[in-house]
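J.: I'd like to ask some things about the structure below.
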Amino acid sequence: MRFLRLVNKFLAMPYWAKLLRLKSMFYVFWGRYTYHLQEQYITESRFLNLLDAKNLEVLHHRIISFGHPCATSSKIQTLLKKHFPDEQGKIILEADKVMQGEVSLLGSGDIQLGDIHWSLDYKTGISWPDNYFIDISTHDLDRPSDVKFPWELSRLQWLIPVAQAWVLTKEDRYASYAKKILESWIDNNRFAYGVNWTCTMEPAMRVFVWTWFYHVFADAVSWQDKEFRFSFLRCLYLHLKFISHHIEITDINGNHLIADVSALVIGGIFFSGNFSNSNKLELDTWSRLGWKILNHELPLQIYKDGVDFEASTAYHRLVCELYVIAALYYQQGGGLVSEVYQQTMLKMADYIAAYTKPDGRAPLVGDADDARVLPLGSQHINDHRYLAVVIGSIWSKSELTANWQQSGSECLWWLSDSPESSVEISPIGSTAFTISGNYIMRSGSDYVFIDCGPIGLANRGGHGHNDLLSFEATLNGVNLITDSGSYVYTADYKQRNKFRSTSSHNTPLIAGEEINRFISPRNLWFLHGDAQPNVLYWHDNETNTCFRGSHTGYQRLIPPVSPIRSMALDKIQHTLVWKDTFSASVGHSVTIPLQLVPGVTVSQTQAGVLLLEAEGKQFVLEWLELANWEYCIVNDFVATSYGQKTEAPKILWESKQACKTSLTILLSPDERLVESKRKQLLNLVESTN
């Protein structure tokens, strides 16, 4: 059965993609006998010949003359002092901490690296063998190891503060330390052997960091070592060769392919110095192929409303960064970025601006593994605002750059300059992203994000969760209701499945069944595409925003039923009301969860009324139809970052009348609503019918 699925996927691919897949299969076989010889074969003279350079100095000058689109010079120091005077001190503190061997990766907490073991999961003490990459199992679900740890360690993004400290101080101890770490990585990760080559995306992610490092440290005394320079550049070249041999392509692609081909664009231009005048066919092929695939995938992976199709805000950010960094390099190398590409980036930025909560953070929609291309800022991992500013600056949309200082210093590093912010803009209002199915109610300090879109990855699941009709809510500037986030992947497959399950989201769970069935408990990346979303109503005006939606995930039950959720935000009273009904009066059990934000406290004041307290403010949560529902308050977990989870209260309502009743909930500040206002809000939510 699995073989037939693979055949069908292969047959569905365009011919050029089939060729790339066959090429990868060939090199998996051929590389077993040749890859281990590559480092010895590529001597300095052969390497220079491959890159059409008379000597290493000529190659170095060609690379450095081309430059890097992100900040690599001391000009950034002036910008930081002007706009963020405390930032340099923060960077140096973090750099010094790293140089003492102390890092924190993927929820590990502060750990000492010591003599770095590049294939070790430091959290569990489990490591992977130095075998040919295809022979290594990275998804051993019966042991608690997390392959993402050695991958994250080898991405070397934790070294970025050291590089920034060198830019800001020119103290060679920073450059020397970075050189020592890179030498260790090169010496202990032979080409195509070991866990750090098992997924093509990993060498691709290293390309982004290594190319920036090379430009940053170009003038450092310790980096004038010609032997190290050759070793570094040869290793980077072999990274690109490996990526070109093993592009992760199939019939439906995601962020892995975008990372692979973005790295080819950047790597090819990095070595050639100019996209349009590359003298070497191989470099030219890498850049042109990468750019071709990026543009081919753009309309396939990004909906017309600007939302990434993997149904995750974190992966929307990652894919957007990948497209932006490739475009920056491509433009700098003489390439022309199409109008379609530019407009798509601006739409992706509009989505970021729209989903950003009043506190500046993104909602926890879908998977998240904290993946970044070049994390150059110190803001929280869930603060995506810098990226909207960067895109608005590159492609001249001043609405995105207004108030850019709120996004922090990262945009300065990406742009090598300060954004222009000459326009005054009105606050963002409620926005409907109708193709992706993301509906955002907002007014001032009130915010509600509603998910009523496809499951993700063209209805295969991927990084999407069983979160149809789920929502996050902020009222009067206080985060109250949240998604549960994404805790881990292969490190604990039971926890992986729990956090993507229906019961971990703020949406009705009917008959104890998933909205979209799991393929199997050990299949962590796909779901059956059972549920189709259906938006029935959306309306926004100056005083309120209303939504009504449903889905077909439970139409497979016998008898079939669909949940219907109606919601209304009162912008004047900072009040949210929602009502859950069902398309048929059937006997299936119903549980409706409501995950509260960590730090919110809950107490009962009277029947059907709870008092929520957070950030010094009080809110009243009350529900109707008391006789038909039982409720309880339990403790569950919310993961705001990969590998980290925090206990938080969750409210569960269980129907005594199965699907033969409704549940209406009102959430308002300070005190219970007066009867006239309550009736008005109930009429408002009923008006969505």
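J.: Does segment 627-636 include one or more residues that are within 22 Å of Arg361 (Cβ to Cβ) and under 28 Å from the mean Cα position of the chain (by Cα)? First the steps, then the outcome.
T.: Going residue by residue through segment 627-636, those that are within 22 Å of Arg361 (Cβ to Cβ) are 636.
If we keep only those that are under 28 Å from the mean Cα position of the chain (by Cα) too, we end up with 636.
Yes, there is a match, as at least one residue in segment 627-636 is within 22 Å of Arg361 (Cβ to Cβ) and under 28 Å from the mean Cα position of the chain (by Cα).
J.: Of all the residues that make up segment 496-512, how many are surrounded by 23 or more Cβ atoms within 10 Å (Cβ to Cβ), over 14 Å from Leu364 (Cα atoms) and in contact (Cβ under 8 Å) with a residue 40 or more places away in the chain?
T.: 4
J.: Is it the case, given these coordinates, that Glu399 is out of contact with any Leu (no Cβ under 8 Å at 6 or more places or on another chain), surrounded by fewer than 22 Cβ atoms within 10 Å (Cβ to Cβ), part of a helix (DSSP H, G or I) and on the phi < 0 side of the Ramachandran plot? If you could, list the steps in order and put the result at the bottom.
T.: On the way: out of contact with any Leu (no Cβ under 8 Å at 6 or more places or on another chain): yes; surrounded by fewer than 22 Cβ atoms within 10 Å (Cβ to Cβ): yes; part of a helix (DSSP H, G or I): yes; on the phi < 0 side of the Ramachandran plot: yes.
Criteria met by Glu399.
J.: If a residue must be in contact with a Pro (Cβ under 9 Å, 6 or more places away or on another chain) and not charged (D, E, K, R), how many such residues does segment 357-393 contain?
T.: 7
J.: Here is a list: Ile435, Ile425. Which entry is in contact with an Asp or Glu (Cβ under 7 Å, 6 or more places away or on another chain) and not assigned by TED's automatic domain parsing to the domain that holds Thr502? First the steps, then the outcome.
T.: Values: Ile435 fails: not assigned by TED's automatic domain parsing to the domain that holds Thr502.
Unique residue meeting the criteria: Ile425.
J.: Taking the stated definitions as given, is Ile134 surrounded by fewer than 16 Cβ atoms within 10 Å (Cβ to Cβ), over 21 Å from Trp210 (Cβ atoms), of a type in the set (A, V, I, L, M, F, W, C) and in contact with a strand residue (DSSP E or B) (Cβ under 8 Å, 6 or more places away or on another chain)?
T.: Working: surrounded by fewer than 16 Cβ atoms within 10 Å (Cβ to Cβ): yes; over 21 Å from Trp210 (Cβ atoms): yes; of a type in the set (A, V, I, L, M, F, W, C): yes; in contact with a strand residue (DSSP E or B) (Cβ under 8 Å, 6 or more places away or on another chain): no.
No; evaluated as a whole, the condition is false for this residue.
J.: Of the residues Lys81, Lys54, Lys18, Lys75, which is closer than 30 Å to Leu412 by Cα, free of Cβ contacts under 8 Å to residues at least 40 places away in the same chain and either out of contact with any Ser or Thr (no Cβ under 6 Å at 6 or more places or on another chain) or exposed (fewer than 14 other Cβ atoms within 10 Å of the Cβ) (or both)? Give the steps one after another, and end with the answer.
T.: Numbers: Lys54 fails: closer than 30 Å to Leu412 by Cα; Lys18 fails: closer than 30 Å to Leu412 by Cα; Lys75 fails: free of Cβ contacts under 8 Å to residues at least 40 places away in the same chain.
The conditions single out Lys81.
J.: Additional query: Within segment 606-617, can you find the residues that are surrounded by fewer than 13 Cβ atoms within 10 Å (Cβ to Cβ) and at negative phi?
T.: Hits for segment 606-617 are Gln606, Ala607.
J.: Sticking with this one: Residues in segment 346-361: is at least one closer than 24 Å to Tyr487 by Cβ, part of a helix (DSSP H, G or I) and not hydroxyl-bearing (Ser, Thr, Tyr)?
T.: Yes; the residues of segment 346-361 include at least one that is closer than 24 Å to Tyr487 by Cβ, part of a helix (DSSP H, G or I) and not hydroxyl-bearing (Ser, Thr, Tyr).
J.: So which residues in segment 402-438 are at negative phi, surrounded by fewer than 21 Cβ atoms within 10 Å (Cβ to Cβ) and of a type in the set (Ser, Thr, Tyr), if there are any at all?
T.: Ser418, Ser421, Ser422, Ser426, Thr431, Thr434
J.: While we're here: Given the criterion in contact with a strand residue (DSSP E or B) (Cβ under 8 Å, 6 or more places away or on another chain) and at pLDDT below 95, identify the matching residue among Pro150, Pro144.
T.: On the way: Pro150 fails: at pLDDT below 95.
Only one candidate passes the filter, namely Pro144.
J.: Among strands (runs of 3 or more DSSP E) lying entirely in segment 540-658, which contain 2 or more residues that are touching a strand residue (DSSP E or B) at 6+ places or on another chain (Cβ under 7 Å) and within 18 Å of Thr688 (Cβ to Cβ)? Before you say what the answer is, go through the steps one by one.
T.: On the way: elements: 544-551, 563-570, 575-582, 590-595, 601-606, 609-614, 617-623, 629-641, 644-655.
Because the criterion is at least 2 residues that are touching a strand residue (DSSP E or B) at 6+ places or on another chain (Cβ under 7 Å) and within 18 Å of Thr688 (Cβ to Cβ), the strands (runs of 3 or more DSSP E) in segment 540-658 that meet it are 544-551, 563-570, 575-582.
J.: Please verify whether Thr43 is farther than 18 Å from Phe232 by Cβ and among the polar types (S, T, N, Q), treating the condition exactly as stated.
T.: In short, no.
J.: Considering segment 183-200 alone, what residues qualify as being in a helix (DSSP H, G or I) and either surrounded by fewer than 21 Cβ atoms within 10 Å (Cβ to Cβ) or among the hydroxyl-bearing types (Ser, Thr, Tyr) (or both)?
T.: Just the residues of segment 183-200 that are in a helix (DSSP H, G or I), to begin with: 183-188, 195-197.
Selection gives Glu183, Ser184, Trp185, Ile186, Asp187, Asn188.
J.: OK, next. Being assigned to a helix (DSSP H, G or I) and at pLDDT below 95 is the filter here; which residues of segment 65-76 pass it? Reasoning before the result, please.
T.: Restricting attention to segment 65-76, the residues satisfying the condition of being assigned to a helix (DSSP H, G or I) are 65-66, 75-76.
Ser65, Phe66, Lys75 - these are the residues of segment 65-76 that are assigned to a helix (DSSP H, G or I) and at pLDDT below 95.
J.: While we're here: Just need a number here: residues in segment 284-334 that are hydroxyl-bearing (Ser, Thr, Tyr) and either touching a Lys or Arg at 6+ places or on another chain (Cβ under 6 Å) or surrounded by fewer than 18 Cβ atoms within 10 Å (Cβ to Cβ) (or both). Before the answer, list the steps.
T.: As a first pass, look at segment 284-334 and keep what is hydroxyl-bearing (Ser, Thr, Tyr): 285, 287, 303, 312-313, 315, 323, 329-330.
Narrowing further to those that are either touching a Lys or Arg at 6+ places or on another chain (Cβ under 6 Å) or surrounded by fewer than 18 Cβ atoms within 10 Å (Cβ to Cβ) (or both): 285.
Qualifying residue count, segment 284-334: 1.
J.: Same structure, new question: Which of (1) under 20 Å from Gly453 (Cβ atoms); (2) of a type outside the set (Phe, Trp, Tyr); (3) in contact with a Cys (Cβ under 8 Å, 6 or more places away or on another chain); (4) touching a residue at least 40 places away in the same chain (Cβ under 8 Å) does Asp367 not meet, given it meets every other one?
T.: Status for Asp367: all satisfied but (3).
J.: Taking Lys54, is it more than 28 Å from Leu328 (Cα to Cα) and assigned to a loop (DSSP other than H, G, I, E, B)? Even if it seems obvious, please write down each step before you answer.
T.: Numbers: more than 28 Å from Leu328 (Cα to Cα): yes; assigned to a loop (DSSP other than H, G, I, E, B): yes.
So Lys54 fits the description; yes.
J.: I'm checking my understanding of the structure. Among residues of segment 323-340 that are in a loop (DSSP other than H, G, I, E, B) and among the aliphatic types (A, V, I, L, M), which one is nearest to His296 (Cα to Cα)?
T.: Initial filter on segment 323-340 (in a loop (DSSP other than H, G, I, E, B)): 333-338.
Filter once more, keeping what is among the aliphatic types (A, V, I, L, M): 336-337.
Working: Leu336: 15, Val337: 13 Å.
Restricting to residues being in a loop (DSSP other than H, G, I, E, B) and among the aliphatic types (A, V, I, L, M), the top hit is Val337.
J.: Continuing with this model, one more query. Please determine whether any residue of segment 437-447 is part of a loop (DSSP other than H, G, I, E, B) and at pLDDT 95 or above.
T.: Within segment 437-447, the subset part of a loop (DSSP other than H, G, I, E, B) is 437, 444-445.
Next, only the ones that are at pLDDT 95 or above stay: 437, 445.
Yes, segment 437-447 contains at least one residue that is part of a loop (DSSP other than H, G, I, E, B) and at pLDDT 95 or above.
J.: Can you name every residue in segment 215-236 that is touching a residue at least 60 places away in the same chain (Cβ under 8 Å) and within 27 Å of the chain's Cα centre (by Cα)?
T.: Matches in segment 215-236: His215, Val216.
J.: How many residues are farther than 24 Å from Asn523 by Cβ and either free of Cβ contacts under 8 Å to residues at least 40 places away in the same chain or outside any loop (DSSP other than H, G, I, E, B) (or both) if we restrict to segment 130-167?
T.: 15
J.: Residue by residue through segment 631-689, note down the ones that are closer than 25 Å to Ile510 by Cβ, in contact with a Cys (Cβ under 8 Å, 6 or more places away or on another chain) and either surrounded by 20 or more Cβ atoms within 10 Å (Cβ to Cβ) or of a type in the set (A, V, I, L, M) (or both).
T.: Ile651, Leu652, Val685
J.: On to the next question. Residues Ile243, Ile266, Ile258: which one is in a helix (DSSP H, G or I) and either free of Cβ contacts under 8 Å to residues at least 24 places away in the same chain or touching a Pro at 6+ places or on another chain (Cβ under 7 Å) (or both)? Steps first, answer last, please.
T.: Numbers: Ile266 fails: either free of Cβ contacts under 8 Å to residues at least 24 places away in the same chain or touching a Pro at 6+ places or on another chain (Cβ under 7 Å) (or both); Ile258 fails: either free of Cβ contacts under 8 Å to residues at least 24 places away in the same chain or touching a Pro at 6+ places or on another chain (Cβ under 7 Å) (or both).
None of the others qualify; the one that does is Ile243.
J.: Here's a follow-up. If I go through segment 475-526 residue by residue, how many of them are on the phi > 0 side of the Ramachandran plot and either in a strand (DSSP E or B) or small (Gly, Ala, Ser) (or both)? Give the steps one after another, and end with the answer.
T.: Going through segment 475-526, the residues on the phi > 0 side of the Ramachandran plot turn out to be 476-477, 485, 511-512.
If we keep only those that are either in a strand (DSSP E or B) or small (Gly, Ala, Ser) (or both) too, we end up with 477, 485, 511-512.
So the answer is 4.
J.: Does segment 266-284 include one or more residues that are at pLDDT 95 or above and among the basic types (Lys, Arg)?
T.: So far as segment 266-284 goes, no, none of its residues is at pLDDT 95 or above and among the basic types (Lys, Arg).
The values are calculated or read from the model by the stated rules, or taken from the named source; none is laboratory data. Since we're looking at a predicted model, the values are computed, not measured. We place every Cβ from the backbone using ideal geometry, glycine too, and count neighbours over all the protein chains shown.
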